[in-house]
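Have a look at the structure below, then the notes.
The values are calculated or read from the model by the stated rules, or taken from the named source; none is laboratory data. For clarity, every value in this text was computed on a predicted model and none was experimentally measured. Here the Cβ is made from the backbone with ideal geometry for all residues, glycine too, and neighbour counts use every protein chain on show. Quick note on the areas: whole protein, heavy atoms, side chains included, nothing else; ligands and nucleic acids left out. Shrake-Rupley method; radii C 1.70, N 1.55, O 1.52, S 1.80 Å.
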Amino acid sequence: MGSTCYISCCLSWKRILGIFFLPVILSGFASCPKRKDGKVNPSSCRSNWSHLSPLTLKKRSEGLERMHFTLEGQKFLIFGGSIHYFRVPMEYWRDRLLKLKACGFNTVTTYIPWNLHEPERGQFYFSGNLDMEAFVLMAAEVGLWVILRPGPYICAEVDLGGLPSWLLQDPKLKLRTTDKGFVEAVDKYFDHLIPRMIPLQYHHGGPVIAVQVENEYGSFDKDEKYMSYVKEALLKRGIVELLLTSDNEKEIQKGSVKGALTTVNMNSFKESFFIWFRQMQKNKPILIMEYWIGWFDSWGKKHHFKTVNEVEQTVSELINHEISFNIYMFHGGTNFGFINGAVYFGKHIGVVTSYDYDAVLTEAGDYTEKYFKLRKLFASLSAKPLPLLPQQTLKTVYPSVRPSFFLPLWEVLRYLNEPVKSHIPVNMENLPINNGSGQSFGFVLYETSICSGGHLQARVHDIGQVFLNDTILGVLNENVKELYIPEFTKCQLLRILVENQGRVNFSWKIQDERKGLIGPVRINNISLEGFTIYSLEMKMSFFQRLRFANWRPVTVRYLGPAFYQGTLKADSSPRDTFLRLPGWVSGFVFINGRNLGRYWNIGPQETLYLPGVWLHPGNNEIILFEKITSGSHIYSTGFPKL
Ligand code: GLA
């Protein structure tokens, strides 16, 4: 479809993604009536959104080449901001959306992470913090348009770019291509996901004004048929809103697909690029799908930030040039649990737990200087005053916690699910657990008996602590593949505890992201056999079972992987806080069974966000899984240190 057809096709829909141009740009939606289940009914909302009517695409009168989005025949600039519902406790969704609206934005964008929605093949979850529909409808209630980015690949610093790890079970399956195994899995997922998106679309009375096809395919570019396949997969299931692709500036052509608007991801305003872009994609409006307002952090690296002035200047330029934009991220939130991805530039490095991103709101949803600068800018463009600022979410400091009980890892093995017995080591994804979907996240412990020392060789992803019985011998990783085991008498237990530190979420590397022990383990070139393999997925049910364990009182500092238990005392209305763990080395924190994410003393992140809504008034169980050695206390603070 050529560009002319593209426009006329859009016109024939009588709607193209549009936003009221200033001064109506910031006008709000009326609130929507709710159904009995408390959810908003999109079609009953529509009658309240009386200012809405079909969108069209118009040429600027004074410039033939410059196009803009329109809504009901009026110019419309997208002022979008990204919030990922899966990175924010659902109790805080409304607060964050209200803050987006009160800042002067008119659109929220979110990815949809396949790996979280289908953690086991054929098992779909769309409730609680994964209730994407509730999030979208709440956005409508607040008065925001929505752009959905359903992938199937999303990147987003999420484990394997949001693809489920069970796809890695078949080493021949080619991710992000029209390989049969991959598209069959995509089709099944879309059969569950897309019907949920249908009623949320603008044409059906919902707030969804555009849907993205895949994500930055230009930088992957392995199969020329793939993008059309994904586009058709959306269309044939009933997606009728504007389709778009999103790529970084060097790869926008490779990532484009006919029938979808090409949009760009970038970190600054570059006039020369936009001149070229207007030529490249004639007669269509420009949308920056991701204007990177900050950046994510990785373990052992520096904390990223971007100055307020730079952000203010770029956004002003975009507005002056009538360029629509989406700020990535308006509010980043947190990589709770094990969801973080990783980068690979010659070395695997996990993304930290916080997804603060130096965004417009902090990880904990607090206002920043960027927020106030942008609000001032947007307010100056708005005919109506912006909505009042929602109140600050108060933070608190709890009394420090001294874990009084502990359990060495070796003593909790009996509280885990039945171990897998296998002749050879099996990687995490191929373990015969979780209804055949393998293990996605966490740790795996491999045990086998050895009767002599020597040169141990193994391929470990990402980090493996090697023990002879309970004694640590050393650490293996993707670059350290050998270790010397001194001679000993009598047969002993060789144990390798492997941590998955997050699968790479970007580039061809995703194809090769199996975790645990990959391939044989040898001593002096002889392959070891007879493995007992424990999965440490650290799910809620495991912590429930652990309550019945024989916890030991903490007396001296313990060396080795262990669980530590303490009580955090909250008052009658618990508030947010940030945990500090001086003296502890590397591990995870669980509050009432919820995984707050990884801590690691190599930084840069020094505090872990603990949302107040996850605390009960009174006593709260806090459990640390520490891999190396214990600290003494767990402190809280009112301020994050990232
Ligand atoms: C790209 C991707 C996003 C995210 C950013 C970096 O633009 O599209 O998903 O990974 O990079 O934060």
Relative to the longest principal axis of the C-alpha atoms of the chain, give the angle of the C-alpha long axis of helix 180-197, reported between 0 and 90° and rounded to the nearest 10°. 60
Quick one: if you stick a label point 7 Å off each Cα along the C-beta vector at LYS376 and GLU411, how many nm between them? 5.9
Let me know the longest stretch in the chain that avoids all GluC sites (Glu not before Pro) found in a DSSP loop with at most 13 other C-beta atoms within 10 Å. 225-486
Given a cut-off of under 8 Å on Cα pairs at least six residues apart, what relative contact order in percent is computed for the stretch 399-488? 20
To the nearest 0.05, how large is the calculated FRET efficiency for SER404 and HIS616 if R₀ is 22 Å and r is the Cβ-Cβ distance? 0.70
Surface per residue (accessible, 1.4 Å probe) for the stretch 150-218, Å²: 25
For SER507 and ARG237, FRET efficiency with R0 = 22 Å and r from the beta-carbon atoms, rounded to 0.05? 0.15
Pop a pseudo-label 7 angstrom from the Cα along the beta-carbon direction at both ASN283 and ALA549 and give the gap in nm to one decimal. 6.7
Between 0 and 90°, nearest 10: helix 369-381 axis offset from the chain longest Cα axis: 10
Restricting to Cα pairs under 8 Å and 6 or more apart, the percent relative contact order of the stretch 537-630 works out to 41
For ARG557 and GLU312 in the same chain, what is the full-extension length gain: residue separation times 0.36 nm, less their Cα-Cα distance, in nm? 83.2 nm
Could you tell me the center-to-center distance, by alpha carbons, between the stretch 229-289 and the stretch 177-223 in angstrom? 16
3J(HN,Hα) from dihedral phi, the stretch 565-576, Karplus parametrisation 6.51/-1.76/1.60, rounded to Hz, x for glycine, proline: 10, x, 10, 9, 9, 10, 8, 5, 10, x, 10, 5
Need one word for the stretch 252-408: rounded, prolate or oblate. Basis is the Cα gyration tensor (sqrt eigenvalues a ≥ b ≥ c); a/c below 1.5 gives rounded, then a/b vs b/c decides. oblate
Longest span of the chain, sites excluded, free of chymotrypsin sites (Phe, Trp or Tyr not before Pro) in DSSP loop with at most 11 other C-beta atoms within 10 Å? 1-344
Rounded to whole Hz and in sequence order, give me ³J(HN,Hα) for the stretch 514-519 from the Karplus expression 6.51 cos²θ - 1.76 cosθ + 1.60, θ = phi - 60°, writing x for Gly and Pro. 6, 10, x, 8, 10, x
If I ignore ligands, DNA and RNA and count only protein heavy atoms, how much of CYS491 is accessible to a 1.4 Å probe, in Å² to the nearest 10? 80
Taking a spot 7 Å from the Cα of LYS250 along the direction of its beta carbon, which residues of the stretch 263-287 have an amide N less than 15 Å from it? 265-267
In the stretch 178-228, which trypsin sites (Lys or Arg not before Pro) are in a loop and have at most 16 other Cβ atoms within 10 Å, using DSSP for the loop call? LYS222, LYS225
Note the angle between two axes, namely the Cα long axis of helix 308-320 and the longest principal axis of the Cα atoms of the chain, as a number of degrees from 0 to 90, rounded to the nearest 10. 30
With a ≥ b ≥ c from the Cα gyration tensor eigenvalues, square-rooted, and the rule rounded for a/c under 1.5, otherwise prolate when a/b > b/c and oblate otherwise, the stretch 550-642 is oblate
For the pair GLU271/ILE472, report the inter-label distance in nm, with labels modelled 7 Å from Cα in the Cβ direction. 5.7
Total formal charge among the other residues, if their Cβ is under 10 angstrom from that of ILE83, Lys/Arg +1 and Asp/Glu -1: +3
Gained length - LYS301 relative to THR629, 0.36 nm times residue gap less alpha-carbon distance: 115.8 nm
Is it possible to state the helix-based mean residue ellipticity at 222 nm for the chain, with each DSSP H run of 4+ residues giving -39500 (n - 2.57), the sum divided by total residues, to the nearest 500 deg cm²/dmol? What is it? -5500 deg cm²/dmol
Quick one: how many Å² of ILE339 are accessible to a 1.4 Å probe, rounded to 10? 20
Hey, what do the phi angles of the stretch 250-264 turn into as Karplus ³J(HN,Hα) couplings, whole Hz, using 6.51/-1.76/1.60 and θ = phi - 60°, x for Gly and Pro? 6, 10, 5, 6, 5, x, 7, 9, 4, x, 10, 5, 7, 10, 10
Please calculate the 1.4 Å probe accessible area of THR629, with all protein chains present, and give it to the nearest 10 Å². 20
Candidate aspartates and glutamates for bridging to LYS370, where Cα separation is under 17 Å - those fewer than 8 sequence places away on the same chain excluded: GLU290, GLU310, GLU312, GLU317, ASP356, ASP358
Count neighbours as other Cβ atoms within 10 Å of each site's Cβ, and list the trypsin sites (Lys or Arg not before Pro) in the stretch 554-599 that are DSSP loop with at most 11 such neighbours. ARG557
Among the stretch 161-187, those whose backbone N falls under 13 Å of a label point 7 Å along Cα→Cβ from SER228 are 178
